[in-house]
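For reference, the structure is listed below as C-alpha cells.
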Amino acid sequence: MTSTSTTTEQIPVRVFGGPTALFEYGGLRFLTDPTFDPPREYHVPGGRLTKVAPSSAAPGDLGRIDVVLLSHDEHPDNLDDSGRALLADVPLTLTTLGGGQRLGDGAKGLADWESIELDRPGGGTITVTGVPAIHGPGTREEVEPITGQVVGFVLTGAGLPTIYVSGDNASLDLVEQIAERFDPVDTAILFAGAPRFTILFDNALIVLDSAQAAEAVKILGTRRVVPVHYDGWAHFTEGRDDLVAAFTAAGLVDRLDFGDLG
C-alpha cells in the first residue's frame with residue numbers, strides 16, 4: 001500500500017504532556033492516549049509509575065473529541081483514571097484487540113494492517129489502519145506477556161496528508177514495515193522518551209530513544225515529526241533536549257516540531 005497524499009498541508013497538533021496529543025484531520029478530532037490526572041504514583045505489577053508534572057490542559061478544555069487513538073489500555077501512563085472517564089464521552093476508541101474487549105462499548109480493536117473507514121463531515125472518508133508495535137525489545141512472543149499488546153495507527157484520506165501515530169513502539173524493524181506500505185509519511189507523532197525499568201528486559205528500552213526516533217524519521221521519509229511521551233513521568237530517561245541533540249546530529253532538526261503546547 002502506498003500513500004496517495006497530494007497535499008503539503010500541516011495538521012496542527014496540540015500536545016499536553018506524556019503521550020497525549022490532539023489534532024483535527026479531515027474534519028474529525030483525534031486524541032492520542034488520554035492522560036490528564038494530576039501528578040501522583042500508580043502501583044503496577046512489579047513496581048510503580050510516577051507522574052511528575054501536570055498535563056497542560058484538562059479534559060473539559062478540549063472541546064469535541066470524535067476518536068481516541070489508544071495505543072494500549074493497560075498502563076496508566078497511556079490511559080489514566082481521567083482518560084478512562086473521558087472515553088465514555090467519545091463515540092469511538094480505536095485500540096488493541098485486547099483493549100477493544102476490555103473497554104467495551106465504543107471501543108474497537110484493530111489487528112495489524114486492519115483498517116476502518118470513518119465518515120468525514122461533508123462527505124468522503126478517512127481510513128485509519130492499525131499498524132504493528134512492540135512495547136519492548138525482542139519478538140511479540142517474548143514481549144507481550146510482560147508489557148502487553150500495543151498498536152500504532154496510520155491515517156490517510158483523499159487530499160489529506162498521511163499521519164503515523166506510533167504508540168509505545170520500540171521496534172525500528174516494524175517502522176520499516178510501515179514505511180514499505182505508507183510512503184511517504186507526512187507527519188509522524190512518535191512516542192519517545194527512552195523509558196527503561198531495571199526489572200524489565202535487563203533495563204533495555206521499551207519505547208524508542210531519541211536517536212532511534214531520528215532513525216525512524218529517516219526510514220519513514222517523514223516531513224515532520226511531533227514527539228510525545230518524553231515528559232511528565234519519572235521513567236522517561238530522555239527529554240526535549242535529548243531529542244533536539246539527536247535530531248541535530250542526524251541532520252533532521254528542521255523536521256522536529258514540538259507542536260502547540262496545551
Within the range 108-116, is there a residue that is loosely packed, with under 15 Cβ neighbours inside 10 Å and of a type in the set (Phe, Trp, Tyr)? yes
Answer with yes or no whether ILE178 is modelled with pLDDT under 85 and either surrounded by fewer than 23 Cβ atoms within 10 Å (Cβ to Cβ) or part of a helix (DSSP H, G or I) (or both). no
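Of the residues THR139, THR156, which is exposed (fewer than 14 other Cβ atoms within 10 Å of the Cβ) and either in contact with a strand residue (DSSP E or B) (Cβ under 6 Å, 6 or more places away or on another chain) or modelled with pLDDT under 95 (or both)?
On the way: THR156 fails: exposed (fewer than 14 other Cβ atoms within 10 Å of the Cβ).
Checking each option against the conditions leaves just THR139.
Table: residues versus (1) closer than 30 Å to GLY159 by Cα; (2) in contact (Cβ under 8 Å) with a residue 24 or more places away in the chain.
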| position | (1), (2) |
| --- | --- |
| ARG48 | no, no |
| LYS51 | no, yes |
| ASP61 | yes, no |
| SER82 | no, yes |
| LEU92 | yes, yes |
| PRO121 | yes, yes |
| GLY138 | no, yes |
Among the candidates LEU94, LEU86, residue that is assigned to a strand (DSSP E or B), touching a Phe, Trp or Tyr at 6+ places or on another chain (Cβ under 9 Å) and crowded, with 20+ Cβ neighbours inside 10 Å: LEU94
Show me the strands (runs of 3 or more DSSP E) found entirely inside the range 3-50 where at least 1 residues are modelled with pLDDT under 95 and acidic (Asp, Glu). 40-44
Checking the structure you have, find out if any residue of the range 82-89 is under 22 Å from VAL228 (Cβ atoms) and in contact with an Asp or Glu (Cβ under 7 Å, 6 or more places away or on another chain). yes
Out of the residues in the range 231-262 that are more than 22 Å from ASP186 (Cβ to Cβ) and among the hydrophobic types (A, V, I, L, M, F, W, C), state the one that is surrounded by the fewest Cβ atoms within 10 Å (Cβ to Cβ). ALA249
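Being outside any strand (DSSP E or B) and small (Gly, Ala, Ser) is the filter here, so list the residues in the range 97-122 that pass it. Walk me through how you get there before you give the answer.
Step one: list which residues in the range 97-122 are outside any strand (DSSP E or B), which gives 97-106, 110-114, 120-122.
Residues satisfying the conditions are GLY98, GLY99, GLY100, GLY104, GLY106, ALA111, GLY122.
Take the conditions modelled with pLDDT under 95, assigned to a loop (DSSP other than H, G, I, E, B), touching a strand residue (DSSP E or B) at 6+ places or on another chain (Cβ under 7 Å) and under 16 Å from THR162 (Cα atoms) and apply them to SER71. Does it pass?
Working: modelled with pLDDT under 95: yes; assigned to a loop (DSSP other than H, G, I, E, B): yes; touching a strand residue (DSSP E or B) at 6+ places or on another chain (Cβ under 7 Å): yes; under 16 Å from THR162 (Cα atoms): no.
In short, no.
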Take the range 211-230 and flag every residue that is over 19 Å from PHE153 (Cβ atoms) and surrounded by fewer than 19 Cβ atoms within 10 Å (Cβ to Cβ). ALA211, GLU215, LYS218
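Please go through the range 51-68 and give me each residue that is more than 17 Å from ASP260 (Cβ to Cβ), part of a loop (DSSP other than H, G, I, E, B) and not small (Gly, Ala, Ser), ordered by number. Please lay out each step first, then the result.
First, the residues of the range 51-68 that are more than 17 Å from ASP260 (Cβ to Cβ): 51-54, 59-60, 64, 66-68.
Adding the requirement that they be part of a loop (DSSP other than H, G, I, E, B) leaves 52-54, 64, 66.
Residues satisfying the conditions are VAL52, PRO54, ARG64, ASP66.
The values are calculated or read from the model by the stated rules, or taken from the named source; none is laboratory data. Nothing here was measured: the structure is a model prediction, and the numbers come from that model. Glycine also receives a Cβ, built like all others from the backbone with ideal geometry; neighbour counts cover every protein chain displayed.
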